[in-house]
Amino acid sequence: MSTKPKLYYFNGRGKMESIRWLLAAAGVEFEEEFLETRDQYEKLLQGGSLLFQQVPMVEIDGMRMVQTRAILSYIAAKYNLYGKDLKERALIDMYVGGTDDLMGFILMFPFLSAEDKEKQHVLIVQKATSRYFPVYEKVLKDHGQDFLVGNNFSWADVHLLEAILMVEEKKSDVLSGFPQLQAFKARISSIPAIKKFLEPGSQRKPVPDDKYVETVRRVLRMYYDVKAN
Amino acid sequence: MSGKPKLHYFNGRGRMEPIRWLLAAAGVEFEESYLEKKEDLTKLRKDGSLLFQQVPMVEIDGMKLVQTRAIANYISTKYNLYGKDMKERALIDMYVEGMFDLNELLMTYGYLPADQKEEYFANMMDKAENRYFPAFEKVCGKELVAQMMLLP
């Protein structure tokens, strides 16, 4: 029997991608079961595996965990990526909250109409450059350390790198006003576990495409129009 | 100077209400500063008090904490309301996240235009009755915990 964590989700980024990043950063091998049909999803539902009838779901340490944040917190704590004390944890939680909000603007992007996509694109870049990136730029500048919290690699660093790369996919020069973040990106990307995850052939998922959107809609019967936030 | 936590938010529930509940449950007295005018928010932003320019913000133990979850996690750990080990924390996190999702639905409802309210309300109640409450009903009966733990 495998003791590797097993991830249940679509074959695409969505809400599971941050979990893949964190496991990879922790050097933890994991398995994945991709939802492709409605039947698979209904089987999971009937089996009682999904506490709130939703994925992501991760089988880990004898638990069937759901809720992205709960899963991430568990992994971060287990693999010592959650700071050394309560105050460091508070900082990590705050920083992750910010990058989570930022990535939230990108999460629904593939499901938007063409017109809404245009508006959302502008919004994503605007939020990134005026609200979120300046915060992390300042944090790094003020303490001059390599990592966001406690001079140690943590979940906050992984999450920020993920967010930076996602925004860069929308606007490739988005870091041009942020020298600290540019250096941060280079530094964190060169950590062996992260470097490996960024290479082709890893379990990192590509930018969502029409096939991904179609699969999600089909499996979840989510045929309504998604509105931009 | 008061040693009590100080909450900065509107005079209403929104995203601060779970924090009020938590502090109350922990038996911790707290103060509140209500945002009433746009200038109140602008001032906090200009002060550099709001990390991401947003409320909720809670002044506690020398920090200006923002992000609802960060605040809730800090308070619950500090006052021993976060379980005794990682596995208990995982369960608590799962249940709390479900509640946050339901709370989001409730909050959104308040801001909808009148013509969208009826349909939204029906969907929200459906989720409460068929998704969230049953999950917690089962937990109380311990069934769910057994289902969630993988059998060997």
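Here are a few things to note about the model shown:
- Total residues in segment B:67-83, condition more than 7 Å from every other protein chain (Cβ to nearest Cβ), under 15 Å from B:M94 (Cα atoms) and either without any contact (Cβ under 8 Å) to a residue 40 or more places away in the chain or among the hydroxyl-bearing types (S, T, Y) (or both): 3
- Only one entry in B:V28, B:V96, B:V58 is closer than 30 Å to B:M125 by Cβ and either outside any helix (DSSP H, G or I) or within 14 Å of chain A (Cβ to nearest Cβ) (or both), namely B:V96.
- Any chance A:R38 is charged (D, E, K, R) and buried (at least 20 other Cβ atoms within 10 Å of the Cβ): no
- The residue that is farthest from the other protein chains (Cβ to nearest Cβ), among those in segment A:37-86 that are polar (S, T, N, Q) and touching an Asp or Glu at 6+ places or on another chain (Cβ under 7 Å), is A:S73.
- Qualifying positions in segment B:84-132 - without any contact (Cβ under 8 Å) to a residue 24 or more places away in the chain and in contact with a Leu (Cβ under 7 Å, 6 or more places away or on another chain): B:M94, B:Y120, B:M124
- Each residue in segment A:87-139 was checked for being within 8 Å of chain B (Cβ to nearest Cβ), of a type in the set (K, R) and within 25 Å of B:D61 (Cβ to Cβ), and 2 of them qualify.
A quick yes/no check of all residues on (1) under 18 Å from A:Q182 (Cα atoms); (2) without any contact (Cβ under 8 Å) to a residue 24 or more places away in the chain; (3) not β-branched (V, I, T):
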site: A:L112; (1), (2), (3): no, no, yes
site: A:E115; (1), (2), (3): no, yes, yes
site: A:K119; (1), (2), (3): no, no, yes
site: A:V125; (1), (2), (3): yes, no, no
site: A:A128; (1), (2), (3): yes, no, yes
site: A:E137; (1), (2), (3): yes, no, yes
site: A:D142; (1), (2), (3): yes, yes, yes
site: A:G150; (1), (2), (3): no, no, yes
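- In segment A:121-229, counting only helices (runs of 4 or more DSSP H) that sit wholly within it, the ones holding 3 or more residues that are of a type in the set (G, A, S), farther than 25 Å from B:L50 by Cα and modelled with pLDDT of 95 or more span A:179-189.
The values are calculated or read from the model by the stated rules, or taken from the named source; none is laboratory data. As the structure is a prediction and not an experimental result, all values here were calculated from the model. Virtual Cβ from ideal backbone geometry, glycine too; neighbours counted across all protein chains shown.
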